[in-house]
Amino acid sequence: MNDWTILCDFDGTIAVEDVTDSLLERYAHPDWQRLERDWREGRIGSAQCMAGQVALLDASPEEIDAMLFTLRIDPAFPEFVDAVHAAGLDLRVISDGLDYAIRSILCRHGLAHLPVQANHLVQTGPRSWKLETPFLDPLCRVNSGHCKCASAAHARRADEAVLLIGDGASDFCVATEADYVFAKHRLIEHCRHADIPHASIVGFADAVGLLPALLAGRLHVPRRAISALSS
């Protein structure tokens, strides 16, 4: 049994930019920003928001590929992946973003082998697209296209402790389900306020340094994780 399963957000965590927003800013009708405001103000869930935004894209596959080619990842992420696999652990990318974009960017960096759970981007015409949500959960508390809490619960059913690595609002809910969090940006303050066991990181260079301490039990880990690790 692996001791830990690592669930890692993509946009703003692995990827330096928010990939979905970058595509929308470049190729979507400006109404995508109205949907974004409705989501941020709580009038719609993220699944409805993103489905509407993707429907506003006006781009060929070649244009999308060219845009994705310009987007960067944290330069230390491949080193972190190597460290995780050397320790015999599993790392899964969980995202409320777009699977096609994530896989394209990971492939460019030699990371096509990583499992990805995300919303599915489907081409419906020469320049039109729609969103499918294979990881939708009707019981999702925040109405996400991909319920990350359900992904964390699935890992826990395998009797594994869960390390979450994330950065923003889409990770707030699942952070409460994780046994430990490596937190960036807005997720740091959320973990502090919610008293969630975490370490603050700037990027994956910090995560590489923290991983041995986590695996050796030198970081504070709540009782439920200790129970999983000792079973």
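Brief remarks follow.
- Stretching His154 away from Glu41 to a fully extended chain increases their span by 37.7 nm, per 0.36 nm per residue minus the current alpha-carbon distance.
- Near Val16, the amide H atoms lying under 5 Å from its own belong to Arg72, Ile73, Asp74; only residues 5 or more places off or on other chains count, and H is placed 1.01 Å from N.
- Within the chain, helix-based [θ] at 222 nm, where runs of 4 or more DSSP H residues each add -39,500 (n - 2.57), nearest 500: -12500 deg cm²/dmol
- Correct choice for Rg and Dmax of the Cα atoms in Å that was computed from the model, options (1) 19.2, 61; (2) 23.8, 70; (3) 17.5, 54: (3)
- Each peptide in 178-184, 95-101 gets a packing score, the mean of other Cβ atoms within 10 Å over its residues, and the list from highest to lowest is 178-184, 95-101.
- Between Val93, Gly209, Pro126, the Cα set farthest toward the positive side of the dipole of region 82-231 (charges on each charged residue's Cβ, about the Cα centre) is that of Pro126.
- Alpha-carbon centroid distance for the pair region 122-190 / region 59-82, whole angstrom: 20
- Cβ charges +1 (Lys, Arg) and -1 (Asp, Glu), total dipole of region 11-103, debye: 240
- Extension gain for the segment Asp65 to Ala194, taken as residue separation times 0.36 nm less the Cα-Cα distance, is 42.5 nm to one decimal.
- The stretch between Arg218 and Arg108, if pulled fully straight at 0.36 nm per residue, gains 36.1 nm over its current Cα-Cα span.
- Dipole check for the chain: with +1 at the C-beta of Lys and Arg, -1 at the C-beta of Asp and Glu, and the Cα centre as origin, the magnitude is about 440 Debye.
- Computed from backbone phi, the HN-Hα couplings of region 32-47 come to 4, 6, 5, 4, 4, 5, 4, 5, 5, 8, x, 7, 9, x, 5, 5 Hz, rounded to whole numbers (Karplus: 6.51 cos²θ - 1.76 cosθ + 1.60, θ = phi - 60°; Gly and Pro given as x).
- Residue-wise HN-Hα couplings along region 208-217, as the Karplus relation 6.51 cos²θ - 1.76 cosθ + 1.60 with θ = phi - 60° gives them from phi, are 4, x, 7, 4, x, 5, 4, 5, 7, x Hz; Gly and Pro carry x.
- Other-chain or far-sequence residues with amide H under 5 Å of Thr133's (modelled H): His120
- Protection proxy ranking, peptides 36-46, 68-78, average beta carbon neighbours within 10 Å, highest first: 68-78, 36-46
- Axis of helix 148-157 versus longest Cα principal axis of the chain: the two differ by about 40°, to the nearest ten degrees.
- Each residue of region 98-111 is assigned a 3J(HN,Hα), and the resulting list reads 10, 4, 4, 5, 4, 5, 4, 5, 4, 4, 4, 9, x, 10 Hz, derived from the Karplus form 6.51 cos²θ - 1.76 cosθ + 1.60 (θ = phi - 60°), x at Gly and Pro.
Readers should treat all values here as calculations from the given coordinates under stated rules, not as data from a laboratory. All values derive from a computational prediction rather than experimental measurement. So basically every Cβ, Gly included, is an ideal-geometry build from the backbone, and we count neighbours across all protein chains shown.
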